[in-house]
1. Cβ-Cβ distance below 8 Å, separation of 6 or more or different chains: which pairs start in the stretch 40-51 with a residue that is farther than 11 Å from residue 21 by Cα and end on one that is part of a loop (DSSP other than H, G, I, E, B)?
2. Restricting attention to the stretch 120-136, and to residues there that are assigned to a strand (DSSP E or B) and charged (D, E, K, R), which single residue is surrounded by the fewest Cβ atoms within 10 Å (Cβ to Cβ)?
3. With the requirement that a residue be loosely packed, with under 14 Cβ neighbours inside 10 Å and among the β-branched types (Val, Ile, Thr), what does the stretch 22-41 give you?
4. So for the stretch 149-161 (the condition being modelled with pLDDT under 90 and either touching an Asp or Glu at 6+ places or on another chain (Cβ under 9 Å) or surrounded by 13 or more Cβ atoms within 10 Å (Cβ to Cβ) (or both)), does at least one residue qualify?
5. For residues that are modelled with pLDDT under 95 and assigned to a loop (DSSP other than H, G, I, E, B), scanning just the stretch 70-85, find the one that is farthest from residue 153 (Cα to Cα).
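The values are calculated or read from the model by the stated rules, or taken from the named source; none is laboratory data. Because the structure is a prediction, the values reported are computed rather than measured. Cβ sites come from the backbone with ideal geometry, for glycine too, and all protein chains shown count toward neighbours.
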Amino acid sequence: MFTPVTSEGKCTRLPFLQNFLLYRLTNFSSLPTFSMDFISNGEDFFYMDGADTAIQEMVRQNELNITSETVLAYLHFYYCYVRLPEGEIILLKNVAEIPYIDLYDEERRESLDVVPEGLQIDRDETTGEFLVSAPALYDSSPMEVLIRVSPDGKVSTFPKRMLTLENIQ
C-alpha cells in the first residue's frame, strides 16, 4: 500500500507528549490520495481513527502532559483527530477569520500554534481541569466556546454565545 516511490512519511513532535511523535503516511499513487496518522514512540503505533483510544493509551503510559503552555496545542490536536458528536470544532485566530475559513482545509485544521484573540485559559485547582474560552467554529457555526480539559485528556466543549458580524467590528 505504501512504497517509497509513491508515498511520503512525516513526523512531528507534539508539545503535550514526552516520548511519542505524530506520524503521517501519505500514498500519492491512489486517487484520491490518502493519509494515515499514528502516534508512536518508534515501537508502539496507535492509529488515529477518530476515537480517543490513542490519547487514552498515552494517559495509561503517563505520556500526556497538559499544562497551561500545552493545553492549546492539545485542543487543536484533539479537535483535528477525535470525531465529536457535536460535529467539527475549529479554534479561530479571530472572529474576522469566520468568512474565510474552510472547514475541510487540512493545513488550517492541523495548525497547533494558532492562538485565538481573546483566548482565556484558567485552571480549576481543585479538579486540575483547564477552562479555556475561545472563538471557534462549532459545527460550522461561529461561537464563543467554553472548553473543559481534564488532566486525563478528556475534552468537553460548551457553546457560550453566537458570534455575529457585530462581534467582528
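1. 50/83; 51/83
2. 122
3. Passing the criteria: only 33.
4. Yes, that holds for at least one residue.
5. Only one residue fits best here, namely 85.
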